[in-house]
Amino acid sequence: MNQPSRAEKFVLPDGVRKLTFTRDTKVANAGTYVVQKEDHTLGNIVRMQLHRDPNVVFAGYQVPHPSDNRIVIKVHTNKNSSPMQAMTESVNCLSEEVSRL
């Protein structure tokens, strides 16, 4: 069959990092996260949690292409926080919520 293996969508190859962060050089307190082998499910829930943080000015995500199994999350914070701090707090809050379920 011409269909790719389903494992290719979710299994991370050796040597590939799950999460990378790139600081924005043009906007202060902004950066981009790239999460490999994830889709809208994780992107949307992280974006919504970031919006709950009063220090986050902007949070958005995109899936560059349907066959590209990664998401790109952009975060911009005010001077009271950093994108790394906002993402860490958001992931911790989501982890707590999931554990309560």
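The values are calculated or read from the model by the stated rules, or taken from the named source; none is laboratory data. Source: prediction; values computed, not measured. Every residue, glycine among them, receives a Cβ derived from its backbone with ideal geometry; neighbour counts consider all protein chains shown. Keep in mind that these areas ignore ligands, DNA and RNA; they rest on the heavy atoms of the full protein, side chains included. Shrake-Rupley method; radii C 1.70, N 1.55, O 1.52, S 1.80 Å.
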- Task: Step through the residues of region 24-39 one at a time and calculate ³J(HN,Hα) from phi using the Karplus curve (6.51 cos²θ - 1.76 cosθ + 1.60, θ = phi - 60°), rounding each to whole Hz and writing x for Gly and Pro.
- Result: 6, 8, 9, 10, 5, 6, 9, x, 10, 9, 10, 10, 7, 6, 10, 9
- Message: Using only the alpha-carbon atoms, how far is helix 40-52 inclined from the longest principal axis of the chain? Give it as 0 to 90 degrees, nearest 10.
- Response: 0
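Taking a probe of 1.4 Å, how large is the accessible area per residue of region 15-100, in Å²?
That works out to 63 Å² for each residue.
What percent does the relative contact order of the chain come to when contacts are Cα pairs within less than 8 Å and at least six residues apart?
On the way: 152 pairs, mean separation 25.6, N = 101.
Relative contact order, the chain: 25 percent.
Throw me the Rg/Rh for the chain, computed over C-alpha atoms with Kirkwood Rh, two decimals. Kindly include the intermediate steps, with their values, before the conclusion.
Details: Rg = 14.9 Å, Rh = 14.6 Å.
Reported Rg/Rh, Kirkwood definition of Rh: 1.02.
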- Query: Pairs of lysine in region 1-79 with Cα under 21 Å and at least 8 positions apart or on different chains: total?
  - Reply: 7
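Dipole magnitude of the chain about its Cα centre, charges +1 at Lys/Arg Cβ and -1 at Asp/Glu Cβ only, in debye to the nearest 20? Write down the numbers at each step before the final one.
On the way: 13 positive and 10 negative charges, 36 e Å.
In total the dipole reaches around 180 debye.
Accessible area of the chain with a 1.4 Å probe: how many percent of it is carbon plus sulfur? Each step should come with its number before you reach the end.
Values: 3840 of 7160 Å².
Answer for the chain is 54 percent, counting heavy atoms of protein chains only.
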- Step through the residues of region 10-18 one at a time and calculate ³J(HN,Hα) from phi using the Karplus curve (6.51 cos²θ - 1.76 cosθ + 1.60, θ = phi - 60°), rounding each to whole Hz and writing x for Gly and Pro. 10, 8, 7, x, 4, x, 9, 7, 5
